[in-house]
Amino acid sequence: MLQAKINVHQLPVHTPFAIATGTMQAADCAILALDDGCGNIGLGEAAPFSAVTGENLQATADAIANLCTTIQKFSPEQALKILALESENKNIPSSALCAVESAVLDLIARRLGLPLWRLFGSPKLPSGTFCPTPIDTDITVTVMPPEKVPAFLDKFSGHGFHTFKVKVSGRVDADTESVRQVISWAKKKNRLAHIILDGNQGFDFERAKRLLLNLANLDIIPLCFEQPLIKNDLRGLAKLSQSTSVPILLDESVTSVDEVLRAHSAGAGSMINIKITKSGVIESLRMITAAKALGMGLMIGGMLETEIAMGFSLHMAAGLGGFDLIDLDTPFFIDRRLTLSSPWHSPSASLTISGVRGSGLTIS
């Protein structure tokens, strides 16, 4: 019988995680440890970002407990089949589903004695190696007064970041200056700066166009503009996509494979952001398959998550491959580590997976 232990945390962050639609002062998470009674424990995390999803942390923890009751009498492999069916139930919070799915998959990998990434694929590795090559993540510059950007980036001056995801607010002049501050800071460090804009639905068409024009006048061409318009405005997103060479990346607009198909049919964007806490693990895999078939680009990201959920996403990215952009940085914002070791324990943009069983994570 599977035994579940759920712990709820509100973990302080050193910098408020501010986006166009709200601010998180702490990382809210529910951590699931799923024990098979044979010495194997799989870990999962729900990280409801209330400013985006409206999900409540305690309600999410209760949903995890209910799901665990449903699967407790089954083997992990049988439980995974049940969860595949539950993933189509729109009444279950996606972050709760994510926690249980990822814990079950972590448990299966540990029972098999395999690293978690092997469950998602077996990319060709250099001769004599047993681990994927390190994956470089970006760093998020949250919404803040532009003059504070350099001091914020100084916190990460030794990490070697080259890609900066700038949260923009819809206040075009301030947003322009924030991006300019990032570029200026990087130049002083003698490094290139690749810019991702993330609007979190904070713009209308005209302001989004004006921000892109402002940046073009500064010779700054972003890698993409993520979710500039409100999620349901597929027509506006399509119009913006047609008016710029900067790829429009969809996040809040796509939480399921059906929404990916709908957005692609509307021409609303050419890339999508995959977040297991937004859609659940199994639905995320369906979305990835659809996006690849449709020729859409992929980012892998997350909510305000600890190393447990982001560690799962890192393994998924390593096993599947094919992600154009990696946005797995939020554990760097959290003051307290929940695990004994992880790729985020080191001050480096390069996230390394060692030869481990399962996710390789142990609760501290």
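Here is how the numbers come out for the structure above:
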{"item": "Restricting the range 338-362 to residues that are modelled with pLDDT under 95 and of a type outside the set (Ser, Thr, Tyr), the residue that is nearest to LEU119 (Cα to Cα)", "result": "ARG357"}
{"item": "Lone qualifier among SER270, SER243, SER253 - being among the hydroxyl-bearing types (Ser, Thr, Tyr), exposed (fewer than 15 other Cβ atoms within 10 Å of the Cβ) and out of contact with any Leu (no Cβ under 6 Å at 6 or more places or on another chain)", "result": "SER243"}
{"item": "Any hit, the range 311-325, residues being under 21 Å from HIS194 (Cα atoms), charged (D, E, K, R) and assigned by TED's automatic domain parsing to the domain that holds VAL141", "result": "yes"}
{"item": "Residues that are of a type in the set (A, V, I, L, M) and not in a loop (DSSP other than H, G, I, E, B), drawn from the range 330-364", "result": "ILE334, LEU351, ILE363"}
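The values are calculated or read from the model by the stated rules, or taken from the named source; none is laboratory data. Everything numeric here is computed off the predicted structure, so don't read it as measured data. Note that we place each Cβ from the backbone using ideal geometry, even for glycine, and neighbour counts take in every protein chain shown.
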